[in-house]
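Note sheet for the following structure.
All of the numbers you see were taken from the coordinates with simple rules; none came from a lab. Quantities reported herein were computed from a predicted structural model and do not represent experimental measurements. Ideal geometry is used to build each Cβ from the backbone, glycine not excepted, and the neighbour counts take in all protein chains shown.
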Amino acid sequence: MDINLIAPLNQLGYGVVGYNVLKALSAANHGIAYFPIGDIKWSGDPMLKGLIDSVRHNATFYTPTAPCLRIWHQHELDMFVGSPRIGWPIFELNKFTDREKHHLRSVDKLFVCSNWAKEVVSKELNIDASVIPLGVDTKTFYYDKAEVDKRPEWTRATTIYLNVGKWEVRKGHNELLEAFNKAFEPTDDVELWMINDNPFIGHENEEWKRKYSNSKMGRNIKFLPRFESHDSLRKVFHHVDAGLFPSKAEGWNLEIPEMMACGVNIIATNYSGHTEFVNEKNTRLLDVTGMELAKDGKWFHGQGEWCVFSVDQLVSHMRDVHDAKQSGKLSLNDAGIETAKNLSWTNTVKRIEEVLV
């Protein structure tokens, strides 16, 4: 099948999805004409240049009657090449603005990542969307006992938590800091590692870091840079004991299934995009205790809602992980590994084929 694909290709969320969908579609022998959104910025894949050259050449002689898949924001679904026009937005909130509604209604088909998103589209627009779950590159993210065994001696005793996700109120970074300070004392053998640089907020990155550094547990917090290579990110995952994701709303959250694939324990909110892959077996769940207007003064201004959860429950889960680690009873997240196996990008493409054929 010929497919016209419009998507970014970079190390940010949409760009990672674009990269993996492009690779998986090509591996399934579809004829892909690729039209990038923004500059192509990717490293760590020596085979990518040849693929990009090929699909960009195809774009010169694209098939105008082939389906066009645009992986991009719900308020910018206005440029397509081919037909039917398929919008694939990854959104976080349970309500849309008028502009978003206009763009979402303008396409011929809608793809969404989760059944939660499908329900939002149905309620807000009375439109039936097709659920296309995102995936995990299990050739890159996997449990490697040899890497775990190379873990430095000091980290074998220390309980290490990791949060990945750009600095943002939506990501629950205020609640995460409150919980870490409430759960532990500076003398406890714990560390919180943060990978959060946000390319869209400039100096505010440093404001977030100062807030964390100046807190009671500041000396137990480390800030890591963004990693250009996913191989390098996997190695970081093998150094940590639990991933912390107290997000108020997510379209998906790629890092959770990637950590699951590496056997890392997970603490996450049981809401929005997360609900497509978190459960009581693979995650210490943060229950939704209510909803509030989504306001952060920057990206969200009350146009929808996001979830509220108990900081005390987050504290309890963090302490449980620490107690299990210190007593030698913290086990590998086997259920998470199995979940990640089912979330392959190959399965993502199979689902696309089911909908389009």
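Amide H contacts under 5 Å for LYS295: GLY302, restricted to partners 5 or more places along the chain or on a different chain, H placed in the peptide plane at 1.01 Å from N.
For region 73-79, 3J(HN,Hα) computed residue by residue from phi via the Karplus equation (6.51, -1.76, 1.60; θ = phi - 60°) reads 4, 5, 9, 9, 10, 10, 10 Hz, glycine and proline entered as x. On a C-alpha basis, how far is the centre of region 309-355 from the centre of region 171-239 in Å? Whole number, if you could? Here the answer is 20 Å between Cα centres. Would you mind telling me which residue in GLU92, GLU185, GLU153 has the biggest mean-square fluctuation in a Gaussian network model of the chain, where springs connect alpha carbons within a distance under 10 angstrom? Most flexible of the set in this elastic network: GLU153.
Using the Cα gyration tensor of region 145-288, with a ≥ b ≥ c the square roots of its eigenvalues, what is the shape: rounded (a/c below 1.5), prolate (a/b larger than b/c) or oblate (neither)? Rounded. Under 5 Å between amide hydrogens, built in the peptide plane, is the criterion, and for GLN11 it picks out nothing among residues at least 5 positions away or on other chains. Across the chain, Cα pairs under 8 Å and at least six residues apart give a relative contact order of 17 percent. Here the Karplus curve 6.51 cos²θ - 1.76 cosθ + 1.60, taken at θ = phi - 60°, turns the phi angles of region 193-206 into couplings of 9, 10, 10, 9, 3, 10, x, 9, 10, x, 5, 5, 4, 5 Hz, with x standing for Gly and Pro. A DSSP coil position with no more than 11 other Cβ atoms inside 10 Å describes the following chymotrypsin sites (Phe, Trp or Tyr not before Pro) in region 49-134: PHE61. Taking the longest Cα principal axis of the chain as reference, the axis of helix 48-60 is set at about 30 degrees. The angle between the Cα long axis of helix 115-125 and the longest principal axis of the Cα atoms of the chain comes to about 60 degrees, rounded to the nearest 10. Can you grab the distance from the C-alpha centre of region 100-160 to the C-alpha centre of region 31-90, Å, no decimals? Using only Cα atoms to place each centre, the spacing works out to 20 Å.
Remark: region 331-347, residue by residue, has Karplus-estimated 3J(HN,Hα) of 8, 5, 7, 5, 5, x, 4, 5, 4, 4, 4, 6, 9, 7, 5, 4, 5 Hz, where x stands for each Gly or Pro and the curve is 6.51 cos²θ - 1.76 cosθ + 1.60 at θ = phi - 60°. So what does log10 I(q)/I(0) come out to for the chain at q = 0.12, 0.15 Å⁻¹, using the Debye formula with one equal point on every Cα and no solvent? For the chain at q = 0.12, 0.15 Å⁻¹, log10 I(q)/I(0) is -0.90, -1.37.
Measuring nothing but how far apart in sequence close Cα pairs (under 8 Å, 6+ apart) lie, relative to its length, region 287-357 scores a relative contact order of 20 percent.
GNM on the chain, alpha-carbon springs under 10 angstrom: the most fluctuating residue among ARG85, ARG170, ARG151 is ARG151. Between the amide H of GLU168 and those of HIS173, distances stay under 5 Å, these residues lying 5 or more places away or on another chain, with hydrogens modeled in the peptide plane.
Contact order, relative form, for region 193-314: 17 percent (alpha carbon pairs under 8 Å, 6 or more residues apart, mean separation divided by residue count).
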